[in-house]
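First the structure, in the form of structure tokens, and then the observations on it.
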Amino acid sequence: MTPFERFSDTSSDPAVRGFLHRPESAVGGSLILTHGAGGNAQMALLVALAEAFAGAGFAVLRCDLPFRQQRPYGPPRPGDAVRDREGLKHAVAAMRKLFPGRLFLGGQSYGGRQASMLVAETPVAEEKLLADGLLLLSYPLHPPGHPEKPRTQHLPKIEVRTMFVSGTRDPFGTIDEIEGARKVISAKTLLLPAEGAGHDLGFKGKKMREELPALVLEKFQKFFLD
């Protein structure tokens, strides 16, 4: 197990808080992961992915979004999103100070959506300074049961490589719907389907907990680093 420590940077508002995994040698670059609307930085999915990536030489920050720093329970409120993206931007700045090399940004569900929106709204001239790629876990393509309300308006503005990991039984978006969304992104994309998994990517089951992190890492390295 790679050692990790509580991380806090209060030099900015909103502050950056979470857990930092430091590999013996950060040869892979760094990765920032954040959580869904009902979770926090201690979600089992994020912990398992952070362990896998840190074991492969990535410095990984699991961070709590500003709305979660303010309220330990409950979903974000309608006015929280802008501040949550600002918090992610500060997390990027904090990690770039600590670790040279490439930096990747992502998260599960709401967190991944905010990461993708932050990249999309960053001026193209600055985008490479923000993140070199996106890892979107269970991207919430639309509210369950409402495919007529797609959350795709910003996707055409994304110009960095983007990897999706989605369950084949995710009510927030079918595999076919995710495939359609990928086509509007101008950069290269990759979709890793999690067979039989729902929005939690099957992390309530032992098999997926044991196999998915290594598979995500393998596909990520081939897609972004080869």
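Readers should treat all values here as calculations from the given coordinates under stated rules, not as data from a laboratory. Please read all numbers here as calculations on a predicted model, not as lab measurements. In this analysis, Cβ positions are derived from the backbone assuming ideal geometry, glycine residues included, and neighbour counts consider all displayed protein chains.
Points to keep in mind about this one:
- Positive-end ranking of S186, L88, A48 along the dipole of the chain, with charges on Cβ about the Cα centre, is headed by L88.
- C-alpha center-to-center spacing [the stretch 75-108, the stretch 174-226] in angstrom: 21 Å
- Per-residue Karplus couplings for the stretch 66-72, computed as 6.51 cos²θ - 1.76 cosθ + 1.60 with θ equal to phi - 60°, are listed in order as x, 5, 6, 4, 7, 9, x Hz, Gly and Pro entered as x.
- Dipole magnitude for the chain: about 200 debye, using +1 per Lys or Arg Cβ and -1 per Asp or Glu Cβ, origin at the Cα centre.
- Cα-projected label distance for R169 with S11, points at 7 Å along beta-carbon direction, nm: 4.7 nm
- A Förster radius of 25 Å, combined with the Cβ-Cβ distance separating K219 from R96, puts the computed FRET efficiency at roughly 0.50.
- Peptides 180-190, 29-39 ordered by packing proxy, namely the average of other Cβ atoms within 10 Å per residue, highest first: 29-39, 180-190.
- Shape class of the stretch 1-116 from the Cα gyration tensor (axes a ≥ b ≥ c, square roots of the eigenvalues): prolate, since a/c reaches 1.5 or more and a/b is larger than b/c.
- Gyration tensor (alpha-carbon) shape descriptor, the stretch 4-225, a/c threshold 1.5: rounded
- Taken over the stretch 4-225, lysine pairs spaced eight or more positions apart, or on distinct chains, with alpha carbons under 14 Å apart number 7.
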